[in-house]
Amino acid sequence: MDKEFAYSYNDYVKYGNGFKDLNPISKLIIALCLGISSCIIHTWQFGVVLIVFSTIIAIYSKVFSKYIKSLLTIAIPLLLLSSIMRQLQYGHMEGNTPIFNLLGWQWYKEPFVAGMDISCYIIGFSSVLLIYFLNTEMRDLMLALENRGVSHVTSYIMLSSMQSIIDMKKSADTILESQKARGIETDGNIIVRMKAFFPTLGPILLSAMSGTEEKAIAMDARAFSHEGGHTYLRVLRPIPVWEYILDALAILVLIGSIVFAVLRAMHRI
Amino acid sequence: MAFIELKNVSYKYPYTKNYALQDVTCSFEKGKFYGIIGENGGGKTTLCNLIRGLIPHFYLGKLTGECLIEGKDIREWNTAELSSQIGYVFQNPFTQISGIKSTVFEEVAIGLENLGVPKDEMIERVIDVCNQLDIGHLIRNNPNELSGGQRQRVAFASIIAMDTDTLVIDEPTSQLDPEGTENVFKIINTLKHSNKTIILVEHKIDLIAEFCDEILVMENGTVVFNGPAHEVLTKRELLDHKASIPEVARFGLAMEDAGKPLPRVPVTMDEAYKLIKERR
């Protein structure tokens, strides 16, 4: 028996990283305020600032490789698509400033900046959310929400649904493996894969549904519907004052962005 | 006084024609180890569901007769109250894991969290149970990544940690390999000496013979035999009711038929060994 591990539950939940150890709700407030600000301000400059901010946090919290892989998957196609679309939409308009010629196709500055604005604010928004989810375990978020009065039933539904997705993926893999063993082609192009995959959906869903009843009984046996107060083995650290200040700053950024957007709109009018 | 008492209980599941339990009358006393045997579809699991309060609170359907738990009708209990009185472990090890905990230690503590047990006490109880069930080496592991046998032991641990007076165990080894089965029966052996009331449904008749004080034999929703383990397991009529008897009891009966009876029909290997040794 690893008693050191067992007694570690006497301490608050901690990961040894300043950002990761922030309360999940504080982190969520920061991520949402910054993300929404990006949508409101809607300029490539603010988007880039957010991307830089998220990248620094990713390096600090040691999730950089996962972060950059996911971000590039979104960023590259989005940047290309929005730039091309804007060139096609507005490239022919008079007064545009030429910037370069791509194999006979003239690109202009104004539609290019408009494309950058859209893609950068979306990438900026995605980057802060990505940082949030890479640094926050769902069970910590649900625990924080339970501490704020969300019922343990809601928390269970959220967490078990996420586990169900993993379990269903495992079931799908098992069924596909057995199909393969029976000589059915499961590898190859997308059509072959889809042909093999779609017939497995029925058994996967049925097995998930049949397991639900037993799971409910198992949870009932563990006093899930007990009406007295619940206690928790894992306890989150009490929120320090400076964390509230961080949240307040994030909210100020959001308010500032709203003011900025209103003033910009008035100026245009 | 009986802890659990059933008087002329009949029950049928919703949307079914046939009764799963028919006119069942039996009782369970505190501190005894009961075995329930019988063919598949005989009503064993339904009886467990009734004792655990899942009937009529979870499974609706038609229930008649009286089922009293500590003198109070099952209809008047709520399932949350019952869960702190009667623990329940069932067949499928894969659906008994909550799916929301990321270590075995947390999984074992889940019932205690729900019951509101203070954290210090919770940690001590989980450590005790993990040691008792020999799963201490698993506490850091993710319960969703364990083998079937390991999951069943974790399911036992989370129920035992709740320290209920009664345990209903429904075919705990039916989906396990021999090693998993052996480990589960080690747990059951530990429980036998814990002075709890245990109701075990199991097909492995040799193991039932070794552990149980009393046995109920069920067929088509009725209790066909009920009494002390030795008395029930040596009845020749059991074979007519599609219930198996221990191999050594079969041997003892064959010896009687051959006109060379042992002093009594044995039901366990140890008993048979002693009887044969005495005979020499």
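The values are calculated or read from the model by the stated rules, or taken from the named source; none is laboratory data. Please read all numbers here as calculations on a predicted model, not as lab measurements. Don't worry about glycine lacking a Cβ; one is built from the backbone with ideal geometry, like all the others, and counts go over all protein chains shown.
Is it true that B:Leu47 is buried (at least 23 other Cβ atoms within 10 Å of the Cβ) and touching a residue at least 24 places away in the same chain (Cβ under 8 Å)?
Numbers: buried (at least 23 other Cβ atoms within 10 Å of the Cβ): yes; touching a residue at least 24 places away in the same chain (Cβ under 8 Å): yes.
So B:Leu47 passes the test.
Taking A:Ala144 as the residue in question, decide whether it is outside the structural domain of A:Lys66 (by TED's automatic domain parsing) and in contact (Cβ under 8 Å) with a residue 60 or more places away in the chain. If you could, list the steps in order and put the result at the bottom.
Numbers: outside the structural domain of A:Lys66 (by TED's automatic domain parsing): yes; in contact (Cβ under 8 Å) with a residue 60 or more places away in the chain: yes.
Considered against the rule, which asks whether it is outside the structural domain of A:Lys66 (by TED's automatic domain parsing) and in contact (Cβ under 8 Å) with a residue 60 or more places away in the chain, A:Ala144 comes out as yes.
For region A:226-250: of the residues being part of a loop (DSSP other than H, G, I, E, B) and of a type in the set (D, E, K, R), which is farthest from the other protein chains (Cβ to nearest Cβ)?
Let us first name the residues in region A:226-250 that are part of a loop (DSSP other than H, G, I, E, B), namely A:226-240.
From what is left, the residues that are of a type in the set (D, E, K, R) are A:227, A:234, A:237.
Numbers: A:Glu227: 6, A:Arg234: 7, A:Arg237: 15 Å.
Filtering first and then ranking leaves A:Arg237.
When you scan region A:193-200, do you find a residue that is at the interface with chain B (Cβ under 7 Å from one of its Cβ atoms) and touching a residue at least 12 places away in the same chain (Cβ under 8 Å), even just one? If you could, list the steps in order and put the result at the bottom.
To start, the set of residues in region A:193-200 that are at the interface with chain B (Cβ under 7 Å from one of its Cβ atoms) comprises none.
No: region A:193-200 contains no residue that is at the interface with chain B (Cβ under 7 Å from one of its Cβ atoms) and touching a residue at least 12 places away in the same chain (Cβ under 8 Å).
Let me confirm something: among A:Ser119, A:Ser127, A:Ser155, which residue is outside the structural domain of A:Asp21 (by TED's automatic domain parsing) and in a helix (DSSP H, G or I)? Before the answer, list the steps.
Numbers: A:Ser119 fails: outside the structural domain of A:Asp21 (by TED's automatic domain parsing); A:Ser127 fails: outside the structural domain of A:Asp21 (by TED's automatic domain parsing).
None of the others qualify; the one that does is A:Ser155.
Please find, among A:Ala223, A:Ala208, A:Ala218, the residue that is more than 7 Å from every other protein chain (Cβ to nearest Cβ) and closer than 23 Å to B:Val89 by Cβ.
Working: A:Ala223 fails: more than 7 Å from every other protein chain (Cβ to nearest Cβ); A:Ala218 fails: more than 7 Å from every other protein chain (Cβ to nearest Cβ).
Exactly one of A:Ala223, A:Ala208, A:Ala218 is more than 7 Å from every other protein chain (Cβ to nearest Cβ) and closer than 23 Å to B:Val89 by Cβ, namely A:Ala208.
Can A:Asp2 be described as within 12 Å of A:Asn135 (Cβ to Cβ) and either within 14 Å of another protein chain (Cβ to nearest Cβ) or in contact (Cβ under 8 Å) with a residue 60 or more places away in the chain (or both)? Steps first, please.
Working: within 12 Å of A:Asn135 (Cβ to Cβ): no; either within 14 Å of another protein chain (Cβ to nearest Cβ) or in contact (Cβ under 8 Å) with a residue 60 or more places away in the chain (or both): yes.
Spelling it out, it is not the case that A:Asp2 is within 12 Å of A:Asn135 (Cβ to Cβ) and either within 14 Å of another protein chain (Cβ to nearest Cβ) or in contact (Cβ under 8 Å) with a residue 60 or more places away in the chain (or both).
Could you grab me the full set of residues in region A:75-94 that are in contact (Cβ under 8 Å) with a residue 12 or more places away in the chain and loosely packed, with under 11 Cβ neighbours inside 10 Å?
Of everything in region A:75-94, just one residue is in contact (Cβ under 8 Å) with a residue 12 or more places away in the chain and loosely packed, with under 11 Cβ neighbours inside 10 Å, namely A:Met93.
For the condition closer than 30 Å to B:Gly53 by Cα and either within 24 Å of the chain's Cα centre (by Cα) or not assigned by TED's automatic domain parsing to the domain that holds A:Ile30 (or both), what is the one hit in A:Met194, A:Met209? Give the derivation first.
Values: A:Met194 fails: closer than 30 Å to B:Gly53 by Cα.
Result: A:Met209 is the single residue among A:Met194, A:Met209 that is closer than 30 Å to B:Gly53 by Cα and either within 24 Å of the chain's Cα centre (by Cα) or not assigned by TED's automatic domain parsing to the domain that holds A:Ile30 (or both).
Filtering region B:128-148 down to residues that are part of a helix (DSSP H, G or I) and within 19 Å of B:Gly87 (Cα to Cα), which residue is nearest to the other protein chains (Cβ to nearest Cβ)?
Initially, region B:128-148 is screened for residues part of a helix (DSSP H, G or I), giving B:128-132, B:136-138, B:143-145, B:148.
Imposing the further condition that a residue be within 19 Å of B:Gly87 (Cα to Cα) reduces the set to B:128-130, B:132.
On the way: B:Asp128: 10, B:Val129: 11, B:Cys130: 6, B:Gln132: 11 Å.
Among those residues, the one meeting the criterion is B:Cys130.
I want to confirm something. Restricting to region B:210-232 and keeping residues that are acidic (Asp, Glu) and in contact (Cβ under 8 Å) with a residue 24 or more places away in the chain, which single residue is nearest to B:Phe28 (Cα to Cα)? Explain how you work it out, then say what you get.
To start, the set of residues in region B:210-232 that are acidic (Asp, Glu) comprises B:210, B:213-214, B:219, B:231.
Of the ones still in play, those that are also in contact (Cβ under 8 Å) with a residue 24 or more places away in the chain are B:210, B:213-214, B:219.
On the way: B:Glu210: 19, B:Asp213: 11, B:Glu214: 9, B:Glu219: 19 Å.
So the residue we want is B:Glu214.
With respect to B:Glu179, is the statement that it is surrounded by fewer than 20 Cβ atoms within 10 Å (Cβ to Cβ), among the acidic types (Asp, Glu) and either out of contact with any strand residue (DSSP E or B) (no Cβ under 6 Å at 6 or more places or on another chain) or modelled with pLDDT of 90 or more (or both) true?
On the way: surrounded by fewer than 20 Cβ atoms within 10 Å (Cβ to Cβ): yes; among the acidic types (Asp, Glu): yes; either out of contact with any strand residue (DSSP E or B) (no Cβ under 6 Å at 6 or more places or on another chain) or modelled with pLDDT of 90 or more (or both): yes.
It is true that B:Glu179 is surrounded by fewer than 20 Cβ atoms within 10 Å (Cβ to Cβ), among the acidic types (Asp, Glu) and either out of contact with any strand residue (DSSP E or B) (no Cβ under 6 Å at 6 or more places or on another chain) or modelled with pLDDT of 90 or more (or both).
Do we find that B:Thr95 is at the interface with chain A (Cβ under 10 Å from one of its Cβ atoms), over 16 Å from B:Met162 (Cβ atoms) and touching a helix residue (DSSP H, G or I) at 6+ places or on another chain (Cβ under 9 Å) in this structure?
Details: at the interface with chain A (Cβ under 10 Å from one of its Cβ atoms): yes; over 16 Å from B:Met162 (Cβ atoms): yes; touching a helix residue (DSSP H, G or I) at 6+ places or on another chain (Cβ under 9 Å): yes.
The answer is yes for B:Thr95.
Out of A:Gly115, A:Gly104, A:Gly149, I need the residue that is farther than 30 Å from A:Asp21 by Cβ and surrounded by fewer than 17 Cβ atoms within 10 Å (Cβ to Cβ). Which one? Don't jump to the end; show me each part of the working.
Values: A:Gly115 fails: surrounded by fewer than 17 Cβ atoms within 10 Å (Cβ to Cβ); A:Gly149 fails: farther than 30 Å from A:Asp21 by Cβ.
Going through A:Gly115, A:Gly104, A:Gly149 in turn, the sole match is A:Gly104.
Given the criteria over 22 Å from B:Cys48 (Cα atoms) and crowded, with 20+ Cβ neighbours inside 10 Å, does B:Val267 qualify? It would help to see each step written out before you state the result.
Numbers: over 22 Å from B:Cys48 (Cα atoms): yes; crowded, with 20+ Cβ neighbours inside 10 Å: yes.
So B:Val267 fits the description; yes.
Could you identify the single residue in B:Asp206, B:Asp270, B:Asp240, B:Asp213 that is closer than 24 Å to B:Ile69 by Cα and either touching a Cys at 6+ places or on another chain (Cβ under 8 Å) or charged (D, E, K, R) (or both)? Steps first, answer last, please.
Working: B:Asp206 fails: closer than 24 Å to B:Ile69 by Cα; B:Asp270 fails: closer than 24 Å to B:Ile69 by Cα; B:Asp240 fails: closer than 24 Å to B:Ile69 by Cα.
The unique qualifying residue is B:Asp213.
Quick one: which of B:Lys235, B:Lys196 is more than 26 Å from B:Ser98 (Cα to Cα) and more than 14 Å from chain A (Cβ to nearest Cβ)?
Values: B:Lys196 fails: more than 26 Å from B:Ser98 (Cα to Cα).
Residue meeting the stated conditions: B:Lys235.
Taking region B:11-36 only, how many residues are over 19 Å from B:His57 (Cα atoms) and more than 21 Å from the chain's Cα centre (by Cα)?
Here the count works out to 3.
Counting only residues that are over 16 Å from the mean Cα position of the chain (by Cα), away from chain A (no Cβ under 12 Å) and not acidic (Asp, Glu), how many does region B:37-76 have?
Matching residues across region B:37-76 total 15.
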